[in-house]
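Comments concern the structure below.
The values are calculated or read from the model by the stated rules, or taken from the named source; none is laboratory data. Predicted model, so just to flag it, every value in this text is computed and none were measured. Note that each Cβ is placed from the backbone with ideal geometry, even for glycine, and that neighbours are counted across all protein chains shown. For the accessible areas, the whole protein counts, side chains as well, though only heavy atoms, and no ligand, DNA or RNA atoms are used. Shrake-Rupley method; radii C 1.70, N 1.55, O 1.52, S 1.80 Å.
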Amino acid sequence: MTGETLYPRLEPLLAQIQKPIQYVGGELNSQVKPWDDAAVHWALMYPDAYEVGLPNQGLMILYEVLNERPDALAERTYAVWPDLAALMRENGVPQFTVDGHRSVRDFDLLGVSFATELGYTNLLEALDLAGVPLHGVDRDETHPVVVAGGHAAFNPEPVSDFVDCAVLGDGEQVVGDITDVVKAWKEQGRPGGRVELLARLARVDGVYVPRFYAFSYGPDGAIAAVTRTRDDVPARVGKRTVMDLDEWPYPKTPLVPLAESVHERMSVEIFRGCTRGCRFCQAGMITRPVRERTITGIGSMVDQGLKATGYEEVGLLSLSSADHSEIGSLAKELADRYEGTNTSLSLPSTRVDAFNVTLANELSRNGRRSGLTFAPEGGSERIRRVINKTVSKEDLVRTVTTAYANGWRQVKLYFMCGLPTETDEDVLEIAELAVEVIRAGREASGQKDVRCTVSIGGFVPKPHTPFQWAGQASAETIDSRLKLLRQAINSDRRIGRSIGLRYHDGKPGVIEGLLSRGDRRVGRVIERVWREGGKFDGWSEHFSYDRWTAAAAEELAPYGVDLDWFTTRERTEHEILPWDHLDSGLDKEWLWEDWQEALSEEEVADCRWTPCYDCGVCPTMGTEIQIGPTGRSLLPLTVV
Amino acid sequence: MARQPDGPPPPPTVQKLRIRYAKRGRLRFASHRDLARTLERALRRAQVPMAFSAGFSPHPKISYLGAAPTGAASEAEYVEIGLSVRCDPEAVRAALDAALPQDVAVVDCVEAQEGTGSLADRIDTSVWRVELPGVAPGELRSAVEAFLAREVVTVAKRTKNGLRDIDARAPVTSAFAAEEGGCAILHVVVRQGTPAVRPDDVLAALAAVADLRPPLPPRAVREAQGRLDDTGTVADPLGPDRAASTRCQGEHATI
Ligand code: SF4
C-alpha cells in the first residue's frame, strides 16, 4: 500500500544507531496528513544531516505553504548517516520521511533544496536508498519527479542526469504551480506518461527541465551550443521572484526539533535580496532586487513564531540585516515589547559600516549577549575594493574597538582567501588587522581578556556573479597563504594568544568549485564518487579529496578536460557558460563590466541609495526595489 | 571583579516545584539533553514564570535528576524548577503537559516543602521493565536464575573514558522473568551508583552467564524511581512534599 508507515520496521534499527532522535519526527509544529486526502504528495529533502537541514528556512517555508493546501501533502526527509543507511540496506527499509515515515518512492515529487553543491552525493545516496533510478531517463511515471531548488539550482547541469527539473528563484509560488500541473496530469489519467508531465512542467515559469536541452562541445572542450530539443519549452528559463513579502509570512509556525540543531533559535527573514554588490556573493546577485518585509509584518511574525515555538532567541535574517531601512526602530521596539522575558535578538553578521552600539545593545537588551560577528571578507583595502566591500582599515579597527569598549569581549571576523588578484600580502594584512584590533581593544576596554576569532573560508567562484570568469586559486595556493597567516599571527605570543584562527584547508573548495561551475560532463564524476562510497562531502571526516580527484581525472579524460579546466582556468568574455540559458535577470554584459571594474579596483554603489546602474534584473523580471521606511511602529502586545 | 549587566538583578525564586514526567513511544529515543531543551521551551510556551540566574547569560532555574538513557522509555523522570511567582502546581502541570510533545507527559507536580530535604536524597533505585521480543519466556527465566545465583558478573561498559569492566550483579536487588502475550518480560530493580548499571548492562550480564542473546532490540521502560526501603519497596520521592503540603496551604497565583 502506498503511503503506509515504515516505522514498525524502522524502530528496531533505531535502537542500534547514533542519535536516533533525528529520525523519529514528531517535532513541534510538524504535521502528518492522511495520505489519501491529498491529490499531490511532496517529499521535501535537505540533502545533509538532520541537524543542519531541520533549521533550513526554505524547506520550512515550502513545507508549510504546501501543507496549507487541502489537496497537497508535504513531508520531510534528510540525509541518513552511514550507520543507519547500512542497516536500512540490510533490512530492506527504503529512504523515508520523518513525518509519516513513508517511503520516498511513494511520493509524486521529491523536492531537494541545495544550499551548497556538496550535497550532491547525498542526493544520489537518497535516490538509491529510496529505490528510485539514479538517472532521470530510467524513471517511469510511477517514480517521483525529482525537483532541485536552492541557490545551487542556478547551475544544475552537474546534476542534470539525476534531477528531472530545477526551479530557479523563490519557491513560495512555484511549488503551487507545479502542484497544479501534477494534479491535473494525474486526474487526466497521466496522459503521455512521464515525458508529457515533464514537458508540462517545463512550461511553468521558473522551471527548467534539463532533458529538453542538448549540449555540444567544441574541440577546445568549451561548450559550443546549448539547444532546445522541443520547441514548446522556453529558450531561456527565468527565475521566480516573490514580491510583497508581507503576503508570505512563512514559516508561521516554525519547526522545533527535539534533537540539537545548528541553530537553536527561530528566524524571521526581514528582507530578501541584496544590492550591496559584493562581487563574490552569489546569493546577493541571484536574489535581487531588495524586498523588505515591513516593521509591522516582522513584528507579527516574531510574535506568532515565539508563541508557537518557545525559543528564546530570534534571528533577524537576511543577507545584510543591519541594512533594513527600519532596523533601529525594529530592534528598539522589539526589545521594548519583550522587556523582562529573556528573549534576545540577533543578526547573522553586521557590516562594519552599519554597526552601531545602540543597535547592538537593543538586540541583547533582554537576553544573552551573543558575540559580535563582522565580515570584512578581504584582508587589505585593495582587495576589499576588488570585491566591492569597501571599508577602510581605520573604520574597521574603530568599530571593533567600540564594541570592546562597550562590554563585548568576543568578536568574530570573517575573511576569504583565494580572491581574484589576491597576493600573499593581502592575506597577511589579516594578521596586522587582528593584532591591531586586539591592541586597541585592550586599551579601550582596560581589559586583557578581549578575544578575536578570525575565520577564513576559501573563495569559490560562483555562477551568475562577476567572478564567474575568474580562475579559482588552487588548494596549494590557499594552503600556503593560510600557513603564512598562521605564522604571522603567532609571531607575537602576547597578542597572538588572544586571536583564534579557524580555517579549512583548500581542498574541499576545489571540489565545490568543480561542482559550482561544472557542466553536464561533471555528472559522471559525481556518480563515480558516490559509487565509491562518497557522501556527506560537507563533513571533513567523510570528504575524500583523493577520491574526487581520481574520479575527475578518469571520468573527464574522454572529454579532453580536467579538474583544473573547470576550476583554476580563467574564462574568456564570450565563452558559453553552462548556465547562460538560465536567467537570473543579471545582464551578462553588465557582469562582465563589473568583472573588469573589479580587476581595476573600482567600486559600485548600492542601487537602494544611488541611481540604478542597470544590472538588468528589475526590467528583465518586471520587479522593483521594495524598501521602507514605512514610518509605522509596533504596538505593544496586549497581555491576556 | 566579575562584570554584571546593568539593571536590577532578576527576581528571586519564591517557589520550587518538583515534577515527575514520562517519556514514551517514539520519544524514548530522545537523550537527556534533547529532553532538557524540549522542557525548557515548553516552559516558555506554557508561560510558566521561571526564576532566572543572574549574569550576562541568564538561565532558567531547572535541576535535573539522573535521566533514563537514550532508547529507554520512562514513566518516572524527575526535575525541579524554581519560579519567580507562586503558582498552583496542578495548573503548572496541566499547562506544561499541554505544551510538551504528545509522547512526553507530565504525570505529577508538587510544591517542594521546606524541611523535607532534597529530591536527590530520595532517589537511589530504579525499577525497570524490559520487553524482550523474540526471547522464549522459559529461556529468560533460567537466565535470570543463573544471574541471581552469581555473586559477581563482570561486563564491559562504554563510559566516557572508554571501555571499563563493571560488576552488573551487585547493584541488582531483585530480578524476575514474566510473560505477557507471549513476550518475555524482565523485571529488575537496580540501585543507582557510578558507573550506573542500566538495563543494557543487565542484559549483557545475562548474555555472559546464560548466553541469552535477544534476536530483536529489547525495549526498556523505567517504571519508578525512589528510595529502596528494608521491605524491598521503592517509595514515591514526591511523597514527603505531598504529606507536608496538606499541613500548610499557601495562597497561589494562577497562570
Ligand atoms: S536593475 Fe537597477 S535597481 Fe534593480 S537591482 Fe539592478 S541595479 Fe538595482
Exercise for review: Would you be able to say whether some residue in segment A:234-255 is assigned to a helix (DSSP H, G or I), open to solvent by 50 Å² or more (accessible area, probe 1.4 Å) and without any contact (Cβ under 8 Å) to a residue 12 or more places away in the chain?
Suggested key: yes
Point to revise | Selection within segment B:117-167 - open to solvent by 40 Å² or more (accessible area, probe 1.4 Å) and among the polar types (S, T, N, Q) | key: B:SER118, B:SER142, B:THR154, B:ASN161
Revision key, fill the gap. Over segment A:172-199, the set of residues open to solvent by less than 20 Å² (accessible area, probe 1.4 Å) and out of contact with any Gly (no Cβ under 7 Å at 6 or more places or on another chain) is A:GLU172, A:VAL175, A:GLY176, A:ILE178, A:THR179, A:VAL182, A:TRP185, A:GLY193, A:ARG194, A:LEU197, A:LEU198, A:ALA199
Point to revise | Matching residues, segment B:83-104, being open to solvent by less than 30 Å² (accessible area, probe 1.4 Å), within 19 Å of the chain's Cα centre (by Cα) and not aliphatic (A, V, I, L, M) | key: B:PRO101
Check your understanding: Between residues in segment A:11-36 that are open to solvent by 40 Å² or more (accessible area, probe 1.4 Å) and residues that are in a loop (DSSP other than H, G, I, E, B) and among the hydroxyl-bearing types (Ser, Thr, Tyr), which pairs lie under 8 Å by C-beta distance while being six or more apart or on different chains?
Key -> A:LYS19/B:SER31; A:ASN29/A:THR253
**Study point:** Lone qualifier among A:ASP546, A:ASP562, A:ASP587, A:ASP580 - being away from the ligand (no atom under 16 Å from the Cβ), open to solvent by 10 Å² or more (accessible area, probe 1.4 Å), among the charged types (D, E, K, R) and touching a residue at least 24 places away in the same chain (Cβ under 8 Å)
**Key:** A:ASP580
Check your understanding: Is there a residue being away from the ligand (no atom under 16 Å from the Cβ), at pLDDT 95 or above and of a type in the set (S, T, N, Q) anywhere in segment A:619-632?
Key -> no
Exercise for review: Output the residue which, of all residues in segment A:483-498 that are polar (S, T, N, Q) and part of a helix (DSSP H, G or I), is least open to solvent (accessible area, probe 1.4 Å).
Suggested key: A:ASN490
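So that you can scan it fast, the table gives a plain yes or no per residue for (1) part of a helix (DSSP H, G or I); (2) more than 25 Å from A:LYS252 (Cβ to Cβ); (3) within 14 Å of chain B (Cβ to nearest Cβ):
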| position | (1), (2), (3) |
| --- | --- |
| A:ARG9 | yes, yes, yes |
| A:GLY26 | no, no, yes |
| A:ASN67 | yes, no, no |
| A:ALA86 | yes, yes, no |
**Study point:** Segments classed as strands (runs of 3 or more DSSP E), wholly inside segment B:122-231, with at least 2 members that are more than 27 Å from A:PRO12 (Cβ to Cβ) and of a type outside the set (Lys, Arg)
**Key:** B:162-167, B:172-180, B:219-228
Review point. Looking at this structure, is A:ALA202 under 22 Å from A:ASP519 (Cα atoms) and open to solvent by 10 Å² or more (accessible area, probe 1.4 Å)?
Key: no
Review point. In segment A:126-162, how many residues are open to solvent by less than 10 Å² (accessible area, probe 1.4 Å), out of contact with any strand residue (DSSP E or B) (no Cβ under 8 Å at 6 or more places or on another chain) and closer than 18 Å to A:LEU44 by Cα?
Key: 1
Review point. Any residue in segment A:281-292 that is over 30 Å from A:PRO611 (Cβ atoms) and surrounded by fewer than 20 Cβ atoms within 10 Å (Cβ to Cβ)?
Key: no
Revision key, fill the gap. Residues in segment A:269-280 that are part of a loop (DSSP other than H, G, I, E, B) and either near the ligand (Cβ under 10 Å from one of its atoms) or farther than 20 Å from A:THR610 by Cα (or both) total 6
